[in-house]
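To keep things clear, I will list the structure first and then write my remarks on it.
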Amino acid sequence: MEFQKAIETRRSMRNYDASKKVDEATVKAMIEAAILAPSWKNSQTARYYCIQSEALVSQFKAECLPPFNAKNAADAPLLIVTTFVENASGFNPDGEPTNELGNGWGFYDLGLHNENLILKARDLGLDTLIMGIRDADKIREMLTISDDEIIVAVIAVGYAAQEARMPPRKAADEILKFF
């Protein structure tokens with residue numbers, strides 16, 4: 001798919017075709033695209049946890065997502081939890097933050113990686129939903145995620161059951177200033 005088309009057709013999907021699964025090779029292609037995103041001093045702190053077994057996907061939705069997000073991802077066959085290693089991106093070798101943003105750079109880097117991931121998913125004919133409202137403590141326990149990683153998002157992945165409508169976007173003139 002042409003890059004511009006991937007950008008223009010990507011939507012937050014809330015209705016998935018439960019009969020279509022996502023194979024591991026497709027997930028790896030998405031992660032490989034994510035890895036190509038830039039990161040602070042090439043720190044590469046993004047981490048991904050893929051939940052694909054039906055039993056664990058169901059348990060995760062019930063225990064780690066609030067009811068509205070569990071409903072939004074109800075038929076998604078795959079969930080990816082995204083994290084980053086704390087106190088690395090945006091930090092000097094001595095462990096001190098390089099500037100006032102500190103771990104904000106880890107969030108920034110992971111956002112870039114996640115953007116590549118969801119655009120690659122779209123390129124492969126998949127749809128996604130990024131969910132930030134989740135129970136990080138339960139996720140950490142269920143997936144045995146290290147305490148040095150910050151849990152950021154859960155991304156539902158699957159094939160759309162219906163087309164999603166794009167909400168209105170601001171015009172460039174509303175958000176852009178030239179000097």
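Which of the GluC sites (Glu not before Pro) found in region 58-132 are in a DSSP loop and have at most 13 neighbouring Cβ atoms, other than their own, within 10 Å?
For GluC sites (Glu not before Pro) across region 58-132 that sit outside H, G, I, E and B with at most 13 neighbouring Cβ atoms in 10 Å, the list reads 100.
With the cut-off at 21 Å, tell me which of the pairs 5/71; 41/138; 61/120; 21/138; 20/120; 20/71 have Cα atoms farther apart than that.
Too far apart for the 21 Å limit: 5/71; 41/138; 61/120; 21/138.
Check which residues have an amide H placed less than 5 Å from residue 161's amide H, if you skip close sequence neighbours.
15, 16, 17
Quick one: the Cα spread of region 1-96 along its three principal axes, in angstroms, biggest first?
Each principal axis gives a Cα extent; for region 1-96 these are 49, 37, 24 Å.
Give me the net charge of residue 48's neighbourhood, meaning all other residues with Cβ under 12 Å from the Cβ of residue 48; Lys, Arg count +1, Asp, Glu -1.
0
Leaving ligands, DNA and RNA out of it, rank 56, 117 by accessible area with a 1.4 Å probe, largest first.
Details: 56 55, 117 0 Å².
I get 56, 117, largest accessible area first.
Compute the accessible area per residue over the chain, keeping the other protein chains in place, probe 1.4 Å, unit Å².
58 Å²
Give the average over all directions of the projected area of the C-alpha convex hull of region 18-171, one decimal, in nm².
On the way: hull surface 41.9 nm².
About 10.5 nm², averaged over all directions.
State, to one decimal in nm, how far the label point of residue 42 lies from the label point of residue 7, with both points 7 Å from Cα in the Cβ direction.
Going from the residue 42 label point to the residue 7 one covers 2.7 nm.
Highest GNM mean-square fluctuation, the chain, Cα pairs closer than 10 Å: which of 107, 91, 68?
Residue with maximal mean-square fluctuation among 107, 91, 68: 68.
Over the chain, with a Gaussian network built from C-alpha contacts below 10 Å, which listed residue (168, 97, 66) shows the highest mean-square fluctuation?
168
Answer rounded, prolate or oblate for region 46-117, using the Cα gyration tensor with square roots of eigenvalues a ≥ b ≥ c: rounded when a/c is under 1.5, else prolate when a/b is larger than b/c, else oblate. Intermediate results must be reported in sequence, preceding the final value.
Working: a/c = 2.89, a/b = 2.78, b/c = 1.04.
Prolate.
What whole number of Å gives the distance from the Cα centroid of region 68-130 to the Cα centroid of region 1-59?
11 Å
The values are calculated or read from the model by the stated rules, or taken from the named source; none is laboratory data. The structure displayed is predicted, hence computed values, not measured ones. Cβ coordinates were reconstructed from backbone atoms using ideal geometry, including for glycine residues, and neighbour counts include every protein chain displayed. Keep in mind that these areas ignore ligands, DNA and RNA; they rest on the heavy atoms of the full protein, side chains included. Shrake-Rupley method; radii C 1.70, N 1.55, O 1.52, S 1.80 Å.
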